[in-house]
Amino acid sequence: MNIIEKILFNHSVEPVKTISPGDIATVNVDRAIIVDMAALHPEFVDNPPLKPFDPDKISLVFDHYVPAPSIEIANRVNRLRKLVSRWGIRDFYDTGRGGISHVLGGELGWFRPGSLVANTDSHTVATGAFNTLGRGLGTPELMNIIATGKTWFIVGETVKVKFSNRMRKGSSAKDVFFNLASITGDIPGKNVEFAGSGIKSMGMDERSSISTMCAELSAEFAVFPFDGILKEYMENAGVSRYKAVEPDNDAAYADEVEIDMASVEPMVAMPDRIINNIKPVSELGRVNIDVAVVGSCANGRLSDIRDVAEVLRGKKIDRNVRLTVTPASRKIYEEANRLGYINTIVEANGLVTNPTCGACLGGHMGVVADDDTVISSTTRNFRGRMGSSKAHIYLGSARTVAISALNGYIKGDLNE
Amino acid sequence: MNNITGKTWLFGDDINTDLIYPQICYTLPEREKPLHAMEANRPGWASMVKNGDILVAGRNFGTGSSRPAADNLRKLGISCILAETVNGLFLRNAVNTGIPALAVHGIRDVLKEGDIITVDFRNSIVRYGDKTLSFKPLPSFLMDIIENGGIINVLKAKGLLGEPL
């Protein structure tokens, strides 16, 4: 079995001999995460599960609408807060306390290697960086998991992605993902398992960026192997009880892709989609921008904020550009503040917001207008994603966004 | 499950959740939400859909977020979704709101918009004109959820849901 099959095997409700593609796995869930968006689902707030299968395995995280952008939403999320006392939830992270669930969950040790996580947000595949299976699910389905502690998967085939060498200064994990996406295209129903000597050159931020973005391939899971870097991360998070999973020697894969990270250059996704829509920045021509955004579960991490500060130090962004930078969690915010990154960005005329999903979902904190041209380090560029359906959204790494904000047009640079 | 017969609407590849259920839907009254489906890529389409129509699309249908996109199509009157390939999260959301979403290889290229087709669940085939295409049926426990009208009905019947918040 490969890593994905083995984690499903380890969580199977009924004893099974093995797990392979085509099987239906019924599994126990280690943790169910509810985010504030659930408040906007009438079926949840009108008829929430009577009680959770285990209140200590439930997390409630406010991240999408922090702080609430309207009276309507403020009223709705207040209803959700009542869950905390009703169910006796310990892991509750309100406004000002936590951050984006996919980032916070790593910081707090919720993503234990070898475990299985369910969350109402589609970027839950982010947990793969932690050798953890995570699936984004609709709110009604999460209600079933909260009530029963169980769910199902139709086991898909797995694509093995082997990384070699290391990124050049100036390219980033987002560019590595774009490179991957341009090779695989969409792979609905399939999994990704990462391997290769290049992994050890990537920290948890970089791995998380890549696993998070695999939601955009329509992948089911995108999992990294366990290694010393993850072990050390878990130690620092104070987590020692877990059962990391390695692939068997005879593990089966449907396909194999090799990526030489040293050959990856800055890339962008052109407006409206990622699939079949990737270009190296060097081939783009001049695209003037109005808006630059750094944030999200994929690329609002400390290494991203650092990249932005490095580019902007002692400079001012282009006078026609509005730059919004949104650290993904309170911990990142505090650390970026301590290291002076936030001050550097503010002095360059960038706007630094509180941690939230914010501009990525077009909900608040940077909604874009008709005809705005946007370069963003966030997760998606579907038409209308960040506000107006008449905006043009390009996606790039945090570094590419920062260099573009300085210049007023989309620019990446392997040497900066 | 009984056969579904309906008139088809054709869409292309990579139709995503944000097109099907735009961000603004979240805070609209329930009855208004479906009328915004596909307004960014096909303005006016939602108001032309009749109850029982079938949506046919290309690759990677429903890619994107966990938002209730399948539910929005069901409430618009769509009875069944057929695509070359279907995003896994969209598939789950479709099942859990009580609407079949099926991967039917070759479907996108053999139909004209407006063709009347029949989805025959017993034989796992789609009938169009005098021809057929076969599909891999959904597992029976998922068909049961669909026939119950979605997972919320199943949870209610089991007494697993509580008082409003």
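Just so you know, all these numbers are worked out from the coordinates, no wet-lab data involved. What you see is a predicted model, and the numbers here were worked out from it, not measured in a lab. Every residue, glycine among them, receives a Cβ derived from its backbone with ideal geometry; neighbour counts consider all protein chains shown.
Can you give the Rg to Rh ratio for the range A:187-271, taking only C-alpha atoms and Rh from Kirkwood?
Taking Rg over the Kirkwood Rh, I get 0.98.
Is the shape of the range A:198-342 best called rounded, prolate or oblate, per the rule: a/c under 1.5 gives rounded, else a/b larger than b/c gives prolate, else oblate, with a ≥ b ≥ c the square roots of the Cα gyration tensor eigenvalues? Oblate, because a/c is 1.5 or more while a/b does not exceed b/c.
As a proxy for reagent exposure, A:F44, B:F11, B:F61 were ordered by neighbouring Cβ count within 10 angstrom, fewest first; the result is B:F11, A:F44, B:F61.
Please say if the range A:31-112 is rounded, prolate or oblate, where rounded means a/c under 1.5 for a ≥ b ≥ c the square roots of the C-alpha gyration tensor eigenvalues, and otherwise the choice is prolate for a/b larger than b/c and oblate otherwise? Here the range A:31-112 falls in the oblate category. Think of the range A:283-355 as a dipole: +1 on every Lys or Arg Cβ, -1 on every Asp or Glu Cβ, centred on the Cα centre; then among A:L339, A:L323, A:A298, A:L339 lies furthest on the positive end.
Which percent, nearest 5, of DSSP beta bridges in chain A are antiparallel?
Antiparallel bridges: around 20 percent, rounded to the nearest 5.
Rounded to the nearest 20 debye, the dipole size of the range A:1-153 about its Cα centre is 300 debye, using +1 on the Cβ of Lys and Arg and -1 on the Cβ of Asp and Glu.
Computed from point charges on the beta carbon alone (+1 for Lys and Arg, -1 for Asp and Glu), the dipole magnitude for chain A about its Cα centre is near 920 Debye.
Viscosity 1.306 mPa s, temperature 10 °C: give me the Stokes-Einstein translational D for the range B:81-139 in µm²/s, with Rh taken as the Kirkwood radius over C-alpha pairs.
Once the numbers are plugged in, D ends up at 132 µm²/s.
Size descriptor for the range A:246-317, Kirkwood hydrodynamic radius: 16.2 Å (Cα pairs only, one decimal). Averaged over the residues of B:66-76, the number of partner chain Cβ atoms lying within 10 Å of the residue Cβ comes to 4. Shape class for the range A:285-404, computed from the alpha carbon gyration tensor (a ≥ b ≥ c): oblate, with a/c not under 1.5 and a/b at or below b/c. Look at the dipole of the protein assembly as shown built from charges on Cβ: of B:V86, A:V368, A:I199, the Cα furthest out on the positive end belongs to A:V368. Across the range B:80-97, computed HN-Hα scalar couplings (Karplus, 6.51 cos²θ - 1.76 cosθ + 1.60, θ = phi - 60°) run 6, 10, 10, 8, 4, 9, 10, 4, x, 5, 5, 4, 4, 5, 5, 4, 6, 9 Hz from first to last residue, x flagging Gly and Pro. So which of A:K316/A:K411; A:K17/A:K200; B:K7/B:K75; A:K17/A:K231; A:K243/B:K158; A:K57/A:K174 end up more than 25 Å apart by C-alpha? The pairs that break the limit, which is 25 Å between Cα atoms, are A:K17/A:K200; A:K17/A:K231; A:K243/B:K158; A:K57/A:K174.
The amide H of B:G150, built 1.01 Å from its N in the peptide plane, has B:G98 as neighbours under 5 Å, considering only residues 5 or more places off or on other chains. Ranking A:M386, A:V257, A:T148 by Cα position along the charge dipole of chain A, where only Lys, Arg, Asp and Glu carry charges on their C-beta atoms, puts A:M386 farthest toward the positive end.
Distance from the alpha carbon centroid of the range B:35-108 to that of the range A:29-78 works out to 26 angstrom. Give the aspartates and glutamates reachable from A:K315 as a straight Cα distance under 19 Å; neighbours fewer than 8 places away on the same chain don't count. Result set, ordered by chain and number: A:D290, A:D304, A:D307, A:E347, A:D413, A:E416. Stretching A:I229 away from A:D371 to a fully extended chain increases their span by 46.8 nm, per 0.36 nm per residue minus the current alpha-carbon distance.
Placing pseudo-labels 7 Å out from each Cα toward the beta carbon at B:D130 and A:A262 gives an inter-label distance of 6.5 nm. The charge dipole of the range B:4-157, taken about its Cα centre with unit charges on the Cβ of Lys, Arg, Asp and Glu (plus for the first two, minus for the last two), comes to roughly 200 debye. Restricting the calculation to Cα atoms, the range B:4-157 yields a radius of gyration followed by a Dmax of 14.5, 45 Å. Rounded to the nearest 0.05, the FRET efficiency derived from the C-beta distance between B:E113 and B:L28 at R0 = 30 Å is 0.60. Inter-chain Cβ neighbour count for A:182-190, averaged per residue, equals 4 (cutoff 10 Å, partner chain atoms only).
Counting, for every residue in A:377-388, the Cβ atoms of other protein chains within 10 Å of its Cβ and taking the mean gives 4.
Electrostatic tally near A:K190: other residues with Cβ closer than 9 Å to its Cβ, Lys and Arg +1, Asp and Glu -1, net -3. When peptides A:3-12, A:284-293 are sorted by average Cβ neighbour count within 10 Å, with the highest value leading, the order is A:3-12, A:284-293. Count Lys and Arg as plus one, Asp and Glu as minus one, and take only other residues whose Cβ is under 9 Å from that of B:N60; the net charge is then -3. Helical content alone sets the calculated 222 nm signal of chain A at -8000 deg cm²/dmol, taking -39,500 (n - 2.57) per DSSP H segment of four or more residues and averaging over every residue. Residues whose amide H falls under 5 Å from that of A:V35, counting only those 5 or more places apart or on a different chain, are A:V61, A:T120, with hydrogens built in the peptide plane.
Compactness of chain A, taken as the C-alpha radius of gyration over 2.2 N^0.38 Å, stands at 0.94.
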